[in-house]
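Written below as structure tokens is the structure these notes are about.
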Amino acid sequence: MSRKCDLCGHTHFEKLINKNGFDLVKCKKCNLVFVFPQPSDKTIKDLYSFKKGYKFHHNFPLFENRLKMIMKFKKRGKLLDVGCSTGEFLLLAKKYKWNVYGVEISEDAEKIAKNKHKLNVFIGTLEDAKYPSKFFDVISLGDVIEHVKSPAKFLSEINRILKDDGIIFISTPNINSFFPNITHKIFRRFNGEWPHPKPPHHLFEFSDRTIKELLYKKGFVISKLNFKRIGFIHTIDGIYLIKMRLKKLFKIKSIKIILELFYLISLKISFIFLYFLDYFIFLFTKRGNTMDMIVIKEE
């Protein structure tokens, strides 16, 4: 199965890891990191089913900070939230007199947004919604762009439906920060589970450079970029790693149990140390493991 890199069109990749049954690769030309081959549409749809374990999170401080960042550039107008889940961010924006729209791939979440919150939400992909050209003043992509199968095609559609003076809010993890880099080197050396990437939920892993280049290729420039740090559990992907190690532990019926327990304890101690080291590095460099940005059309 062949695929071209979504950023540069190259066809030669370096395999980084296999996680959750999916290969994560890096383009040898531009260093974009992504899942290859990609999961089927059905697999992706099932990821966002309540029956399959999908859960939505109401992070109201995060929503408030997102809206504050947006309103430094735009005060009113039509706002589209792609990946709106059950619509809590749209409800917040509506209180500030925004004319709100949503797109959501999860049928379960969309039902709550429509039936409970009475919001204007389209179920499906952004491309399927077929909004009019130059329709929106603001498009919000909160932890979304890393989930789509082709960010390049996705951004082309964003460019079409965004007004010429419109803005995009994007948040996405940053693979080119201290914690992802150091943990990848450690786990590649010791054949462990790299905690940063989360396939198949995250189909792409961007750095500040690759996201900037992709946006520029699609007619956008970054107007404002803030680096942040995400929480402890999300940083180390602790639940996943504990499950994986415990599954292995319960299959062992010999003295290796002691060695496995020692490995698990050492793993968590090293994570805690690296997490706090990452905190101090962030204080000096201001380069965190997640990025919030305001994007505008190139003039």
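Note down the nm distance, to one decimal, between modelled labels 7 Å out along Cα→Cβ at Ser133 and at Asp23.
4.0 nm
Run the quick spin-label model on Asp41 and Ile182: label points 7 Å from Cα toward the beta carbon, then report their separation in nm to one decimal.
Going by the 7 Å Cα→Cβ label model, 4.4 nm.
Just subtract the alpha-carbon distance of Asn65 and Glu299 from 0.36 nm times their residue separation and send over the number in nm, one decimal. Kindly include the intermediate steps, with their values, before the conclusion.
Working: separation 234, 0.36 × 234 = 84.24 nm, distance 2.73 nm.
Here the answer is 81.5 nm.
Using θ = phi - 60° and the Karplus relation 6.51 cos²θ - 1.76 cosθ + 1.60, list the HN-Hα couplings for the range 37-45 in order, rounded to whole Hz, with x at every Gly or Pro.
Listing the rounded values in order: x, 7, x, 5, 4, 5, 4, 5, 4 Hz.
Which ³J(HN,Hα) values in Hz, rounded to whole numbers, follow from the phi angles of the range 138-154 under the Karplus curve 6.51 cos²θ - 1.76 cosθ + 1.60, where θ = phi - 60° and Gly and Pro get x?
For the range 138-154, the Karplus-derived couplings read 9, 10, 9, 10, x, 6, 10, 4, 6, 9, 8, 6, 9, x, 5, 5, 4 Hz, x marking Gly and Pro.
Return the FRET efficiency for the residue pair Lys153, Tyr275: r is the Cβ-Cβ distance, R0 is 41 Å, and the value is rounded to the nearest 0.05.
Working: r = 36 Å, r/R0 = 0.87.
The computed FRET efficiency comes out at 0.70.
Percent relative contact order of the range 1-103, based on C-alpha pairs within less than 8 angstrom and at least six residues apart? Don't skip to the end; give the middle numbers.
Numbers: 108 pairs, mean separation 15.6, N = 103.
The normalised contact order for the range 1-103 reaches 15 percent.
What is the packing order of peptides 4-17, 132-145, taking the mean over residues of other C-beta atoms within 10 Å and listing the highest first? Walk me through the intermediate numbers first.
On the way: 4-17: 15.1, 132-145: 19.5.
Peptide ranking by packing, descending: 132-145, 4-17.
Along Cα→Cβ, 7 Å out, is where each label goes; now give me the distance between the ones at His58 and Lys217 in nm to one decimal.
Taking the simple label geometry, His58 and Lys217 are separated by 4.0 nm.
Under 5 Å between amide H atoms, partner at least 5 residues away or on a different chain: which partners does Lys19 have, H built in plane at 1.01 Å?
Leu24
Return an integer: the convex hull volume of the alpha-carbon atoms of the range 1-125, in Å³ per residue.
Per residue, the Cα convex hull of the range 1-125 comes to 151 Å³.
Every number in this text was worked out from the coordinates using simple rules, so none of it is lab data. It should be emphasised that the depicted structure is a prediction, and the values quoted were computed from it without experimental measurement. As a convention, Cβ positions derive from the backbone with ideal geometry for all residues, glycine included, and neighbour counts pool all protein chains shown.
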